[in-house]
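Working notes for the structure below.
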Ligand code: GLY
């Protein structure tokens with residue numbers, strides 16, 4: 001169930017936000033800013049509609065909330081079309097796909113995570129095994145891969161043809177002072193467009209990702225009828241990163257946090273920003289003090305904005321979203337910007353997240369600090 005925020009509250013909240021954030025641009029809370037609770041409920045990032053559907057079906061059938069959210073995100077991890085998660089994710093600067101994931105199980109107060117894991121399509125499953133089958137919490141790199149193989153996972157090539165072409169375009173475009181890309185004698189000059197002769201449909205996407213390497217990610221949080229909660233966050237991380245770079249997704253308290261007495265929170269977007277404010281833990285602690293999920297997510301956005309003294313020109317260079325639910329099934333999410341930069345058709349895309357409230361599974365608008373980036 002969601003309630004529309006009334007005009008008086010809207011003005012009050014907008015004014016408070018504007019003062020607190022020192023905004024120069026109109027701020028707004030969306031009409032969905034305050035959402036009353038219902039259980040069961042599943043929340044995810046905008047790429048997670050299939051995950052929320054799967055998780056809700058499993059929770060209704062009596063599954064544990066962690067089994068449900070992991071099965072939900074597995075659909076996206078195994079989908080080569082999502083280039084920010086699992087199989088098909090964009091690789092590091094050397095062309096190797098490195099995945100990060102975390103899980104947290106509210107009822108048993110346990111967590112597990114993996115980082116820089118190569119060759120395994122479903123890092124969230126491995127993170128869950130770290131939680132269940134070790135006395136550790138976080139395994140990284142070669143050790144995480146060996147652990148996964150010990151549990152029967154098969155080593156696979158995660159770099160799809162599409163992701164390879166996007167990466168190679170980035171690699172060849174990086175510098176005209178290295179030898180990557182068509183050479184001096186090339187009849188087509190230094191353009192990399194011949195890479196896409198067989199896949200012209202990919203050129204625009206590759207160019208967009210070159211201009212702004214994405215961080216993507218999927219976060220999924222669930223509460224069941226009894227009020228038990230779990231969550232997971234899984235990602236291929238920042239595209240074209242330095243090998244070994246780890247973002248917020250596998251870090252408990254940053255990319256994910258669950259406290260079964262209070263609520264759950266997670267994040268997608270530029271992990272470096274979230275790591276500095278321990279976003280998910282911060283949000284859960286603010287909900288513990290009585291804040292709504294939406295207001296707590298907005299507070300996390302304000303802290304990220306504060307890292308750059310609210311300089312919108314700098315903040316426009318990345319995106320970061322937060323998602324939260326509480327024990328009653330209240331939910332919310334917030335982004336730095338309410339709208340994307342103009343897309344190919346000139347329109348701006350609204351920042352959204354996925355919610356299954358037991359009746360409907362659909363995208364909702366995220367609350368936000370700033371309307372839209374003016375320019376990069
Ligand atoms: N939030 C995903 C990352 O920065 O790696």
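The values are calculated or read from the model by the stated rules, or taken from the named source; none is laboratory data. From a predicted model like this one, the values you see are computed outputs, not experimental measurements. FYI the Cβ positions are ideal-geometry reconstructions off the backbone, even for glycines, and counts take in every protein chain you see.
Any residue at all in segment 150-160 that is part of a helix (DSSP H, G or I) and more than 24 Å from the chain's Cα centre (by Cα)?
Yes.
Quickly run through segment 262-273 and pick out the residues that are more than 16 Å from residue 116 (Cβ to Cβ) and within 14 Å of the ligand (Cβ to nearest atom).
Within segment 262-273, 265, 266, 267, 268, 269, 270, 273 qualify.
Does any residue in segment 137-156 that is in contact (Cβ under 8 Å) with a residue 40 or more places away in the chain come within less than 7 Å, Cβ to Cβ, of a residue that is crowded, with 19+ Cβ neighbours inside 10 Å and assigned to a loop (DSSP other than H, G, I, E, B) six or more places away or on a different chain, and which pairs are these?
That search, which allows pairs on different chains as well, returns 138/250; 156/121.
A quick yes/no check of all residues on (1) over 17 Å from residue 294 (Cα atoms); (2) surrounded by fewer than 24 Cβ atoms within 10 Å (Cβ to Cβ); (3) within 11 Å of the ligand (Cβ to nearest atom):
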position	(1), (2), (3)
231	yes, no, no
235	yes, no, yes
240	yes, yes, no
243	yes, yes, no
257	no, no, no
260	yes, yes, no
275	yes, yes, yes
281	no, yes, no
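Within segment 197-209, is there a residue that is within 21 Å of residue 358 (Cβ to Cβ), more than 16 Å from the ligand (Cβ to nearest atom) and assigned to a loop (DSSP other than H, G, I, E, B)?
No - not one qualifying residue is present in segment 197-209.
Here's the yes/no breakdown for (1) in a helix (DSSP H, G or I); (2) at pLDDT 90 or above; (3) under 19 Å from residue 231 (Cβ atoms):
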residue: 8; (1), (2), (3): yes, no, no
residue: 20; (1), (2), (3): yes, no, no
residue: 24; (1), (2), (3): no, no, no
residue: 30; (1), (2), (3): no, no, no
residue: 44; (1), (2), (3): no, yes, yes
residue: 47; (1), (2), (3): yes, yes, yes
residue: 50; (1), (2), (3): yes, yes, yes
residue: 70; (1), (2), (3): yes, yes, yes
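Looking at (1) away from the ligand (no atom under 14 Å from the Cβ); (2) surrounded by 20 or more Cβ atoms within 10 Å (Cβ to Cβ), which one does residue 288 not meet, given that it meets all the others?
(2)
Mind checking which residues of segment 86-136 are without any contact (Cβ under 8 Å) to a residue 40 or more places away in the chain, surrounded by fewer than 24 Cβ atoms within 10 Å (Cβ to Cβ) and assigned to a loop (DSSP other than H, G, I, E, B)?
108, 119, 134, 135, 136
Considering only segment 230-251, I want to know if a residue exists there that is at pLDDT below 95 and assigned to a loop (DSSP other than H, G, I, E, B).
no
Show me the strands (runs of 3 or more DSSP E) found entirely inside segment 283-366 where at least 2 residues are at pLDDT 95 or above.
Output list reads 320-326, 331-337, 352-356, 361-365.
Regarding segment 208-218, can at least one residue be identified that is modelled with pLDDT of 95 or more and under 30 Å from residue 71 (Cβ atoms)?
yes
With 339, 323, 308 as the choices, which residue is surrounded by fewer than 18 Cβ atoms within 10 Å (Cβ to Cβ) and within 19 Å of the chain's Cα centre (by Cα)?
Criteria check complete, one pass: 339.
Name the residues in segment 187-215 that are over 19 Å from residue 176 (Cβ atoms) and in contact with a helix residue (DSSP H, G or I) (Cβ under 7 Å, 6 or more places away or on another chain), would you?
196, 199, 202, 203, 205, 209, 215
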